[in-house]
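The values are calculated or read from the model by the stated rules, or taken from the named source; none is laboratory data. Nothing here was measured: the structure is a model prediction, and the numbers come from that model. Cβ coordinates were reconstructed from backbone atoms using ideal geometry, including for glycine residues, and neighbour counts include every protein chain displayed.
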Amino acid sequence: MGDRRMAEIRTKAGSLYVYTHWGGGSFPDMARAAVLAARPRWNDAPYATRIIVDKLTMKGRDLSFGYGLLLEPDAEDSYNADEPSIIIDLVSRAITVFNRGRETFTPFTALSGDDLNPG
């Protein structure tokens, strides 16, 4: 069955979705670390998006399975009833995590260096 999760990266031009088949439980922490890694490019959506995608898919970089990129949210997200469970909003600079009915909203400015090493 896997441990699926989906993240939506929102920009002014639209959204890109990153899907993981494995390790979904750690995806929110990975998303926070990815946003911090993209900090020097928060004002440049194409670069920030590339850095975030690179960090989110790092563990599957050389594999032919495990991660996908979507232009529409059409993959299974077992944590949030098939809706994206993580929204990384580059416009409002916030991360929202939905986890089985609970929502956590974190402005980028509230992220700390501790988020760079997700556990």
Can Ala110 be described as of a type outside the set (Asp, Glu), surrounded by fewer than 16 Cβ atoms within 10 Å (Cβ to Cβ) and modelled with pLDDT under 95?
yes
All-but-one check, Arg5 against (1) basic (Lys, Arg); (2) farther than 18 Å from Ser92 by Cβ; (3) surrounded by fewer than 22 Cβ atoms within 10 Å (Cβ to Cβ); (4) under 12 Å from the mean Cα position of the chain (by Cα), failing number (3)
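Quick check: is even one residue across the range 102-112 touching a strand residue (DSSP E or B) at 6+ places or on another chain (Cβ under 6 Å), aromatic (Phe, Trp, Tyr) and in contact (Cβ under 8 Å) with a residue 12 or more places away in the chain? Spell out the reasoning first.
Of the range 102-112, the ones touching a strand residue (DSSP E or B) at 6+ places or on another chain (Cβ under 6 Å) are 104-107.
Checking which are aromatic (Phe, Trp, Tyr) leaves us with 105.
Checking the rest, the ones that are also in contact (Cβ under 8 Å) with a residue 12 or more places away in the chain come to none.
No, every residue in the range 102-112 fails to be touching a strand residue (DSSP E or B) at 6+ places or on another chain (Cβ under 6 Å), aromatic (Phe, Trp, Tyr) and in contact (Cβ under 8 Å) with a residue 12 or more places away in the chain.
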**OP:** Examine the range 79-88 for a residue that is in contact (Cβ under 8 Å) with a residue 12 or more places away in the chain, exposed (fewer than 13 other Cβ atoms within 10 Å of the Cβ) and among the charged types (D, E, K, R), and state whether such a residue exists.
**Re:** yes
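Taking only the range 40-68 into account, find how many residues are touching a Gly at 6+ places or on another chain (Cβ under 9 Å) and part of a helix (DSSP H, G or I).
Residues in the range 40-68 being touching a Gly at 6+ places or on another chain (Cβ under 9 Å) and part of a helix (DSSP H, G or I): 2 in total.
To keep it simple, each residue is scored yes or no on (1) of a type in the set (A, V, I, L, M, F, W, C); (2) touching a strand residue (DSSP E or B) at 6+ places or on another chain (Cβ under 6 Å); (3) touching a residue at least 12 places away in the same chain (Cβ under 8 Å); (4) surrounded by 13 or more Cβ atoms within 10 Å (Cβ to Cβ).
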position: Met30; (1), (2), (3), (4): yes, no, yes, yes
position: Ala34; (1), (2), (3), (4): yes, no, yes, yes
position: Arg41; (1), (2), (3), (4): no, no, no, yes
position: Asp44; (1), (2), (3), (4): no, no, no, yes
position: Tyr47; (1), (2), (3), (4): no, no, no, yes
position: Asp62; (1), (2), (3), (4): no, no, no, no
position: Phe65; (1), (2), (3), (4): yes, no, yes, no
position: Gly68; (1), (2), (3), (4): no, yes, yes, yes
position: Leu71; (1), (2), (3), (4): yes, no, yes, no
How many residues of the range 79-117 are in a loop (DSSP other than H, G, I, E, B), touching a helix residue (DSSP H, G or I) at 6+ places or on another chain (Cβ under 7 Å) and either closer than 18 Å to Asp3 by Cβ or aliphatic (A, V, I, L, M) (or both)? The answer is 3
task = Test Ala7 against the criterion of being in contact (Cβ under 8 Å) with a residue 24 or more places away in the chain, assigned to a helix (DSSP H, G or I) and in contact with a helix residue (DSSP H, G or I) (Cβ under 6 Å, 6 or more places away or on another chain), and give yes or no.
result = no
